[in-house]
1. Roughly how many debye, to the nearest 20, is the charge dipole of the chain about its Cα centre, given +1 on each Lys and Arg Cβ, -1 on each Asp and Glu Cβ, and no other charges?
2. What angle do you read, to the nearest 10 degrees and between 0 and 90, between the alpha-carbon axis of helix 7-19 and the longest principal axis of the chain?
3. GNM, the chain, Cα, under 10 Å: largest mean-square fluctuation among V132, V27, V124?
4. Compare the Cα positions of G162, I41, A106 along the charge dipole of the chain (+1 at Cβ of Lys, Arg; -1 at Cβ of Asp, Glu; about the Cα centre) and return the one farthest towards the positive end.
5. When the chain is modelled as a GNM with alpha-carbon springs shorter than 10 Å, which of E142, E163, E42 fluctuates the most?
6. Would you mind telling me which residue in L111, L38, L77 has the biggest mean-square fluctuation in a Gaussian network model of the chain, where springs connect alpha carbons within a distance under 10 angstrom?
7. Kindly identify segment 7-67 as rounded, prolate or oblate by the Cα gyration tensor criterion: order the square roots of the eigenvalues as a ≥ b ≥ c, call it rounded if a/c is under 1.5, otherwise compare a/b with b/c, prolate if a/b is larger, else oblate.
8. Taking a label point 7 Å from the Cα of E92 along the Cα→Cβ vector, which residues of segment 159-184 have an amide N closer than 11 Å to it?
Amino acid sequence: MTSSHDPELAAALRRARTSRGLSLAQVAEATSISRSLLSLIETGRSDITIGRLGRLARLYDLRLADLLPEPRHPEPLVVRADDRPLLHYDSEGIDVELLLPEGAHALGALLATYAPRAAMQDFVVQTDEQFVFLLEGHVRTEFADGRKLELRPGDSATFVSGEGGHRHLNLADEDSRMLIVIRR
């Protein structure tokens with residue numbers, strides 16, 4: 001829990017001010033918080049009210065969450081194997097399990113299972129970086145711009161699909177399974 005008298009909050013406020021090239025006097029004038037109180041807050045020798053913190057956040061164009069330290073040990077998010085959402089694409093022979101639920105995560109994680117010789121029909125445009133790891137099978141990734149890569153069990157790759165997108169094809173006569181991690 002972060003207190004309004006927290007040294008990390010004080011340091012974050014000082015960084016926000018100095019990174020914008022503002023003096024204590026300029027911030028005091030813009031927020032109606034005295035220069036001396038601002039100095040005490042930034043050095044962790046005085047607490048701050050919600051209203052004052054809100055005024056500073058607005059001036060620095062920050063959300064309050066941007067000023068609060070990340071939890072040192074955030075609660076782990078567990079998705080049980082029997083509780084994962086499953087998307088079944090019957091016409092393509094592909095099952096996709098969501099390993100991480102939607103939310104405020106920096107990553108997305110999927111487990112894709114491709115039936116024998118299954119192929120994505122359309123190119124999927126993904127502007128974020130992806131990491132793929134082939135668990136079993138033999139998969140070719142084709143890019144709309146002509147690039148191709150083939151993966152066998154244990155192989156991994158990272159890529160951005162580009163404007164035209166990419167698609168995966170199972171080259172094996174058995175199921176192929178791929179872990180896909182997307183940075184959002």
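1. For this selection, approximately 1300 debye.
2. 90 degrees
3. So, out of V132, V27, V124, the one fluctuating most is V27.
4. Positive-most Cα among the choices belongs to I41.
5. E42
6. Among L111, L38, L77, the largest mean-square fluctuation in the Gaussian network model of the chain belongs to L38.
7. Here segment 7-67 falls in the rounded category.
8. Output list for this probe position: 166-170.
Bear in mind that the values in this text are calculations on the coordinates, not laboratory data. This one's a predicted model, so the numbers in the text were calculated from it and none came from an experiment. Because the Cβ atoms are built from the backbone with ideal geometry, glycine has one as well, and the counts that use them run over all protein chains shown.
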